[in-house]
Amino acid sequence: WDNADFSRGVGTTFYQEFSTLNTAKPPFVRDVEAKVRRYMRSSYSAAWTLKITWEKAPVYSSWTDTRKTITYQAVLTTDGFRSYILMLYQDGGMQWDYTRLAATNVLMGYT
C-alpha cells in the first residue's frame, strides 16, 4: 500500500492488538476465527490477532484529489503454529482513480 499518502493530514491509520491466549475472546476475534475456519475448512483458535485499519486513505500524491479515498483493513492472526491474514475492503470504498496512477499494474492486497 505504498500508494497511500497521508502527508496532507487526510485519512487515519490505527491498529488494535488482541492477545487471547488465556483470556476471553471479544466478538471481533471470534468473527476472525469463524472466517478462518470457513475459508480454510479447518479448526482454528486464535492466540493473537492484530487489526490494522487505513481509513479514508488518499492516493499518492494526495495533492491531486484528497476526496478520492479508500478504507481497508489487514487482520493478522495466529494460533502460534499457523498464521493467516484477512484483507478487508469497504464495500464501494475504492475511490481511487487507478487510471490516473503513475503505475498501471495496480494490486489490491499482497503477493
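The values are calculated or read from the model by the stated rules, or taken from the named source; none is laboratory data. From a predicted model like this one, the values you see are computed outputs, not experimental measurements. Cβ coordinates were reconstructed from backbone atoms using ideal geometry, including for glycine residues, and neighbour counts include every protein chain displayed. Surface areas here come from the heavy atoms of the whole protein model, side chains and all, with no ligands, DNA or RNA. Shrake-Rupley method; radii C 1.70, N 1.55, O 1.52, S 1.80 Å.
Number of residues in segment 2-49 that are touching a residue at least 60 places away in the same chain (Cβ under 8 Å) and either of a type in the set (Gly, Ala, Ser) or open to solvent by 90 Å² or more (accessible area, probe 1.4 Å) (or both) equals 1. Tell me yes or no: at least one residue of segment 40-55 is modelled with pLDDT of 80 or more, touching a helix residue (DSSP H, G or I) at 6+ places or on another chain (Cβ under 6 Å), among the aliphatic types (A, V, I, L, M) and outside any strand (DSSP E or B). There is at least one residue in segment 40-55 that is modelled with pLDDT of 80 or more, touching a helix residue (DSSP H, G or I) at 6+ places or on another chain (Cβ under 6 Å), among the aliphatic types (A, V, I, L, M) and outside any strand (DSSP E or B). Just to be sure before I move on: is VAL59 modelled with pLDDT of 95 or more, open to solvent by less than 70 Å² (accessible area, probe 1.4 Å) and within 28 Å of ASN3 (Cα to Cα) in the structure I sent? Criteria not met by VAL59.
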